[in-house]
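One structure is given here, and the rest of the page talks about it.
The values are calculated or read from the model by the stated rules, or taken from the named source; none is laboratory data. Just so it is clear, the structure is predicted and the values come from calculations on it, not from any experiment. We place every Cβ from the backbone using ideal geometry, glycine too, and count neighbours over all the protein chains shown. In case anyone asks, the SASA skips ligands and DNA or RNA and just uses the protein heavy atoms, side chains included. Shrake-Rupley method; radii C 1.70, N 1.55, O 1.52, S 1.80 Å.
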Amino acid sequence: MTSNEVLAMYENIAALSSRMAVAAREGDWDGLARLETQCALQASAAKSGVPPLAGVERKRKIDLLKQIMANDRAVRDITEPWMGQLDRALSPAH
(Lines give C-alpha, C1' and ligand atoms only; values in the text may rest on other atoms or scores of the structure.)
Protein backbone atom coordinates (compact mmCIF):
# COMPACT_ATOMS: atom_id res chain seq x y z
CA MET A 1 0.00 0.00 0.00
CA THR A 2 1.45 3.35 -1.03
CA SER A 3 1.22 6.50 1.06
CA ASN A 4 -1.36 7.88 -1.39
CA GLU A 5 -3.45 4.73 -0.97
CA VAL A 6 -3.20 5.01 2.82
CA LEU A 7 -4.42 8.59 2.78
CA ALA A 8 -7.19 7.74 0.30
CA MET A 9 -8.35 4.95 2.60
CA TYR A 10 -8.48 7.28 5.60
CA GLU A 11 -10.22 9.97 3.52
CA ASN A 12 -12.89 7.43 2.54
CA ILE A 13 -13.32 6.23 6.11
CA ALA A 14 -13.59 9.81 7.36
CA ALA A 15 -16.27 10.59 4.77
CA LEU A 16 -18.20 7.42 5.59
CA SER A 17 -17.97 8.06 9.33
CA SER A 18 -19.31 11.58 8.78
CA ARG A 19 -22.26 10.15 6.87
CA MET A 20 -22.74 7.64 9.71
CA ALA A 21 -23.01 10.48 12.22
CA VAL A 22 -25.65 12.17 10.04
CA ALA A 23 -27.58 8.91 9.70
CA ALA A 24 -27.52 8.40 13.47
CA ARG A 25 -28.73 11.96 14.13
CA GLU A 26 -31.57 11.42 11.66
CA GLY A 27 -32.47 8.02 13.15
CA ASP A 28 -31.72 6.28 9.84
CA TRP A 29 -30.69 2.96 11.37
CA ASP A 30 -30.72 1.04 8.07
CA GLY A 31 -28.54 3.69 6.46
CA LEU A 32 -26.24 3.65 9.46
CA ALA A 33 -25.86 -0.13 9.20
CA ARG A 34 -25.08 0.07 5.46
CA LEU A 35 -22.49 2.78 6.04
CA GLU A 36 -20.96 0.80 8.88
CA THR A 37 -20.50 -2.16 6.53
CA GLN A 38 -18.91 0.08 3.89
CA CYS A 39 -16.61 1.57 6.51
CA ALA A 40 -15.51 -1.88 7.70
CA LEU A 41 -14.74 -2.88 4.11
CA GLN A 42 -12.58 0.22 3.66
CA ALA A 43 -10.77 -0.40 6.94
CA SER A 44 -10.07 -4.04 6.04
CA ALA A 45 -7.39 -2.78 3.64
CA ALA A 46 -5.30 -1.86 6.68
CA LYS A 47 -5.24 -5.42 8.02
CA SER A 48 -2.11 -6.20 6.05
CA GLY A 49 -0.46 -3.12 7.55
CA VAL A 50 0.12 0.38 6.34
CA PRO A 51 3.45 2.04 5.71
CA PRO A 52 4.55 4.72 8.16
CA LEU A 53 3.98 8.24 6.94
CA ALA A 54 6.12 11.29 7.55
CA GLY A 55 5.77 15.04 7.39
CA VAL A 56 2.64 16.48 5.83
CA GLU A 57 1.24 13.03 5.04
CA ARG A 58 1.58 11.98 8.68
CA LYS A 59 -0.15 15.14 9.86
CA ARG A 60 -3.00 14.56 7.39
CA LYS A 61 -3.40 10.98 8.61
CA ILE A 62 -3.56 12.20 12.22
CA ASP A 63 -6.16 14.84 11.28
CA LEU A 64 -8.25 12.21 9.50
CA LEU A 65 -8.03 9.85 12.49
CA LYS A 66 -9.20 12.68 14.76
CA GLN A 67 -12.18 13.27 12.45
CA ILE A 68 -13.00 9.56 12.41
CA MET A 69 -12.82 9.38 16.20
CA ALA A 70 -15.04 12.46 16.60
CA ASN A 71 -17.60 10.99 14.20
CA ASP A 72 -17.48 7.67 16.05
CA ARG A 73 -18.12 9.50 19.35
CA ALA A 74 -21.08 11.33 17.80
CA VAL A 75 -22.59 8.04 16.65
CA ARG A 76 -22.01 6.38 20.04
CA ASP A 77 -23.49 9.37 21.89
CA ILE A 78 -26.72 8.70 20.01
CA THR A 79 -26.74 4.91 19.85
CA GLU A 80 -25.52 3.96 23.33
CA PRO A 81 -28.48 5.47 25.22
CA TRP A 82 -30.85 3.92 22.70
CA MET A 83 -29.18 0.51 23.13
CA GLY A 84 -29.53 0.85 26.91
CA GLN A 85 -33.24 1.55 26.52
CA LEU A 86 -33.57 -1.46 24.24
CA ASP A 87 -31.73 -3.69 26.74
CA ARG A 88 -34.04 -2.56 29.55
CA ALA A 89 -37.12 -3.09 27.40
CA LEU A 90 -36.04 -6.62 26.50
CA SER A 91 -34.95 -7.62 30.01
CA PRO A 92 -37.37 -9.72 31.99
CA ALA A 93 -38.93 -7.87 34.93
CA HIS A 94 -37.52 -8.84 38.31
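Restricting segment 2-16 to residues that are open to solvent by 40 Å² or more (accessible area, probe 1.4 Å) and in contact with a helix residue (DSSP H, G or I) (Cβ under 7 Å, 6 or more places away or on another chain), which is farthest from Lys66 (Cα to Cα)? Spell out the reasoning first.
Residues of segment 2-16 that are open to solvent by 40 Å² or more (accessible area, probe 1.4 Å), as a first pass: 2, 4-5, 8, 11-12, 15.
Now drop any that are not in contact with a helix residue (DSSP H, G or I) (Cβ under 7 Å, 6 or more places away or on another chain), which leaves 11-12.
On the way: Glu11: 12, Asn12: 14 Å.
Per the stated criteria, the residue is Asn12.
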> Checking Ala46 against (1) at pLDDT below 95; (2) over 18 Å from Met1 (Cβ atoms); (3) surrounded by 12 or more Cβ atoms within 10 Å (Cβ to Cβ), which test does it fail?
Replying inline: (2)
